[in-house]
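Read through the structure below, which is laid out as structure tokens, and then see the notes.
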Amino acid sequence: MIIGWFSGGATSAVACKLALESNPDVQLMYIETGSHHPDANRFLADCERWYQRDIKILRSDKYTDVFDVIKKTRYLNGPTGARCTAELKRKIREKFERENEVKGHVWGFDSDPKEKMRAKRMLDRYPNFQHIFPLIDQELSKEDCLNRLVDAGIELPAMYRLGYSNANCVGCVKGGKSYWARIRRDFPEVFDTMAKLEREIGRSCLRGCFLDELPIDTPLTKPIVADCGSIGEGCEIQLSREYLSRE
């Protein structure tokens, strides 16, 4: 079985489409974290119509969403990664692999040099699987993928339309100060819940301050946050390198 991992973002969506064109037997999977923007369901349904194929949805039977993981584990993030990624994505993928004859994976890494390095690390980390990178093979950028979706008549995910760099969970613990300033503006209830959780466990997802101390005049520049990826591969590969240099 070859799995095309759909993350709810533009690059994975186009990678799955290209993979199906090359191999109609590719099985499409999506891991629901419980914390995605509600529009993610609309985008998934639009892509199913585009593919003319259903996407199987997997999710944790232990945790309901990111907040639930933080409450129960009392952990936000660190140099080794985010606990929510491990519990809501990686462990779900590993369980599926144990229970099924998975031979390979289709990934949505694009042609950006950093993405190519992520692909290389994936090859090194999981050498026992076949890894397929349709976007790298065709030298397609993220912008190319956005344009392909628009050309197909598919409205882009709401998080992109709001100015975020990817379609991660709303209120990603990997985000920096600009990111959380935007979340405070766009999703105040998410911001308030995370701020209270920080105080409850005594740790912040930011460096230098708690969320409830974030200055009101924090610049709303376009926030760049590591793409969590379809099964958390983005967070696992990037966060350990970027954690100490976040804003």
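The values are calculated or read from the model by the stated rules, or taken from the named source; none is laboratory data. What you see is a predicted model, and the numbers here were worked out from it, not measured in a lab. Every residue, glycine among them, receives a Cβ derived from its backbone with ideal geometry; neighbour counts consider all protein chains shown.
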Which ones in the stretch 3-18 are out of contact with any Lys or Arg (no Cβ under 6 Å at 6 or more places or on another chain) and either under 20 Å from Glu94 (Cα atoms) or buried (at least 24 other Cβ atoms within 10 Å of the Cβ) (or both)? Ile3, Gly4, Trp5, Phe6, Ser7, Gly8, Gly9, Ala10, Ser12, Ala13, Ala15, Cys16
For the stretch 32-45, enumerate the residues that are farther than 13 Å from Ala167 by Cβ and either touching a helix residue (DSSP H, G or I) at 6+ places or on another chain (Cβ under 8 Å) or crowded, with 16+ Cβ neighbours inside 10 Å (or both). Gly34
Boolean, Arg185 is exposed (fewer than 13 other Cβ atoms within 10 Å of the Cβ) and within 17 Å of the chain's Cα centre (by Cα): no
Within the stretch 198-223, residues being assigned to a loop (DSSP other than H, G, I, E, B) and in contact with a Lys or Arg (Cβ under 7 Å, 6 or more places away or on another chain) number 7
Take Ser12 and tell me if it is hydroxyl-bearing (Ser, Thr, Tyr) and more than 23 Å from Glu115 (Cα to Cα). no
Can you tell me which residue within the stretch 60-93, out of those that are out of contact with any strand residue (DSSP E or B) (no Cβ under 9 Å at 6 or more places or on another chain) and part of a loop (DSSP other than H, G, I, E, B), is surrounded by the fewest Cβ atoms within 10 Å (Cβ to Cβ)? Asp61
When the residues of the stretch 164-181 are narrowed to those that are surrounded by 21 or more Cβ atoms within 10 Å (Cβ to Cβ) and in a helix (DSSP H, G or I), which ends up nearest to the chain's Cα centre (by Cα)? Tyr179
Can you tell me which residues in the stretch 46-59 are buried (at least 16 other Cβ atoms within 10 Å of the Cβ) and either acidic (Asp, Glu) or under 20 Å from Ala158 (Cα atoms) (or both)? Asp46, Cys47, Trp50, Ile55
So, in the stretch 112-163, how many residues would count as being in a loop (DSSP other than H, G, I, E, B), in contact with a His (Cβ under 9 Å, 6 or more places away or on another chain) and surrounded by 20 or more Cβ atoms within 10 Å (Cβ to Cβ)? 1
Can you pull out every residue in the stretch 10-44 that is assigned to a strand (DSSP E or B) and either touching a residue at least 60 places away in the same chain (Cβ under 8 Å) or within 24 Å of Asp137 (Cβ to Cβ) (or both)? Gln27, Leu28, Met29, Tyr30, Ile31
Within the stretch 193-215, work out how many residues are at pLDDT below 95 and β-branched (Val, Ile, Thr). 1
Which residues, counting only those in the stretch 45-59, are touching a strand residue (DSSP E or B) at 6+ places or on another chain (Cβ under 9 Å) and in contact (Cβ under 8 Å) with a residue 24 or more places away in the chain? Cys47, Tyr51, Arg53, Asp54, Ile55, Lys56, Ile57, Leu58, Arg59
What pairs come out if I take residues in the stretch 203-222 that are loosely packed, with under 13 Cβ neighbours inside 10 Å and pair them with residues that are of a type in the set (S, T, N, Q) and not in a loop (DSSP other than H, G, I, E, B) whose C-beta lies under 8 Å away, six or more apart or interchain? Pro219/Ser178; Lys222/Ser178
